[in-house]
Amino acid sequence: MDFWHGFAVITVVHLLAAASPGPDFAYVTRQSLVQGRRAGLLASAGIALGLSIHIVYSAAGLAAVIAHSTHWMTAIKLLGGAYLLYLGFMGLRSRANGGPSMAPAHAAPASPLRQVAGGFLCNALNPKAPIYFVALFTVVLSPSLPIPTLIAYGAWIMLLQWLWFSLVALLFAHHALRDRLYGARHWIDRVFGVAMVALGLRVLATARQ
């Protein structure tokens, strides 16, 4: 497979994977709706950076080992499931705001580093990522490819991830949508919490199989 053929395959496959509902989508949506555009964009950057972990070990040939090792996959699922449960419980603890005085402009958002770190961990601890990347690297990428090609493909995947979730952040942070939903922000947090807890429990259940 030549460079541009692989480039086209990666673009189509990864955009479809990024657009599918999952923890990353839920996290960016929640951050954008509750904390605004800046928080959503920072979360998107963190998610894109989180891909670097999967790209590096996949390019090194470890994705196949992890995907076919019961102990490694169990450890990844336990870590990922625990983090999803943590995100879920944080959302479920959300309370109704105190009225107009709690408008977004006066809220105290988390620091930029913490917002980026949240997105990074959400993606890096996604237990489905090793399986996805071993499939992608089996079809398109391999350690036998030239280093510049691996770097170019990896950077492109991260850029696609960032562009897609930045678009999601901008959509859900639009002032008209946020104004309509801000009064129900605690319910948004709780719905997010339920979704994360459900995903976490599902991941932990599969870890025992």
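The residues of region 33-60 that are at pLDDT below 90 and of a type in the set (A, V, I, L, M), listed by number, are L33, V34, I55, V56, A59, A60.
In the set L199, L204, L170, only one residue is crowded, with 20+ Cβ neighbours inside 10 Å and modelled with pLDDT of 65 or more; that residue is L199. Entry remark, region 6-30: residues being open to solvent by less than 10 Å² (accessible area, probe 1.4 Å) and within 8 Å of A169 (Cα to Cα) number 1 in total. Please specify each residue of region 1-32 satisfying the condition of being at pLDDT below 85 and of a type in the set (S, T, N, Q). Scanning region 1-32 gives a single hit, S20. Scoring L78 on the criteria (1) under 28 Å from F7 (Cβ atoms); (2) surrounded by fewer than 18 Cβ atoms within 10 Å (Cβ to Cβ); (3) among the hydrophobic types (A, V, I, L, M, F, W, C); (4) at pLDDT 75 or above leaves a single failure, condition (1).
Looking across region 136-165, the residues that are at pLDDT below 80 and in a helix (DSSP H, G or I) come down to L136, F137, T138, V139, I147. Would you mind stating whether A63 is modelled with pLDDT under 75, under 22 Å from L159 (Cβ atoms), of a type in the set (A, V, I, L, M, F, W, C) and open to solvent by less than 10 Å² (accessible area, probe 1.4 Å)? Criteria met by A63.
The values are calculated or read from the model by the stated rules, or taken from the named source; none is laboratory data. Everything numeric here is computed off the predicted structure, so don't read it as measured data. Counting neighbours? That spans all protein chains shown, and the Cβs are built from the backbone with ideal geometry, glycine included. Remember, those area values only see protein heavy atoms, side chains included, never the ligands or the DNA or RNA. Shrake-Rupley method; radii C 1.70, N 1.55, O 1.52, S 1.80 Å.
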